[in-house]
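Enquirer: Before I ask anything, let me first share the structure, which is written out below as structure tokens.
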Ligand SMILES: *Cc1c(COP(=O)(O)O)cnc(C)c1O
């Protein structure tokens, strides 16, 4: 079957499994622009990239192709020296991966440069894996939350994001542990700060667990674009 039709069929099938409150970010980091166009033509609007340079390239192609209502989600590790570039992305809907206080401070300093008002997720390290970024301590998470609430003008504090443990024999059990931890952290912040926050968790291999844990956003690439 045609590759584009394949993508559209898998997208449709995945969406049919999602409650209407859950948003699907189609992760395109392995995909050429043509594949994004296929998904867009099937009515999909939310796309995620994890590298600033590829995001800039694809966002430009999207504008050139008249896909003006596309919504981009930045989901990768962000280095402070790439903030200026990220700010130029048209239709940047959200950043899911604000993973430390330094980065947040640098983002806030440069917020006027952002073309779009952008929603911010704080990334939480729920797996405990050393090589992963993300906030670990509740005191730091609260400090970041307060900073965003007080100083974010172009930015709004939108939610919390996490990734489950990668190196484990029991992927699904670890996903459940990580995702329920993210949910408890969210519940705690909501009640302490009197705010409302979204959850971003679940990828191709573990989104079913994230759905059970009540996520608002799942970020899925492989299952849509490669069919694995
Ligand atoms: C790549 C990536 C995803 C999607 O992963 P798949 O396994 O391809 O679905 C989701 N979130 C982040 C942060 C990623 O880097």
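The values are calculated or read from the model by the stated rules, or taken from the named source; none is laboratory data. From a predicted model like this one, the values you see are computed outputs, not experimental measurements. We place every Cβ from the backbone using ideal geometry, glycine too, and count neighbours over all the protein chains shown.
Enquirer: Checking residue 87 against (1) over 25 Å from residue 158 (Cα atoms); (2) more than 15 Å from the ligand (Cβ to nearest atom); (3) buried (at least 17 other Cβ atoms within 10 Å of the Cβ), which test does it fail?
Expert: Single failed check for residue 87: (1).
Enquirer: Could you tell me whether segment 83-106 includes any residue that is out of contact with any helix residue (DSSP H, G or I) (no Cβ under 9 Å at 6 or more places or on another chain) and farther than 24 Å from residue 135 by Cα?
Expert: No: segment 83-106 contains no residue that is out of contact with any helix residue (DSSP H, G or I) (no Cβ under 9 Å at 6 or more places or on another chain) and farther than 24 Å from residue 135 by Cα.
Enquirer: I need the helices (runs of 4 or more DSSP H) fully contained in segment 146-228, keeping only those with at least 1 residues that are away from the ligand (no atom under 16 Å from the Cβ) and touching a strand residue (DSSP E or B) at 6+ places or on another chain (Cβ under 7 Å).
Expert: 171-193
Enquirer: Can you tell which of 39, 62 is more than 15 Å from the ligand (Cβ to nearest atom), surrounded by 15 or more Cβ atoms within 10 Å (Cβ to Cβ) and at pLDDT 95 or above?
Expert: Of 39, 62, the one residue that is more than 15 Å from the ligand (Cβ to nearest atom), surrounded by 15 or more Cβ atoms within 10 Å (Cβ to Cβ) and at pLDDT 95 or above is 62.
Enquirer: Here is a further query. Which ones in segment 90-99 are buried (at least 17 other Cβ atoms within 10 Å of the Cβ) and more than 12 Å from the ligand (Cβ to nearest atom)?
Expert: Across segment 90-99, the qualifying residues are 91, 92, 93, 94, 98.
Enquirer: Within segment 10-29, how many residues are within 12 Å of the ligand (Cβ to nearest atom) and more than 16 Å from residue 50 (Cβ to Cβ)?
Expert: 3
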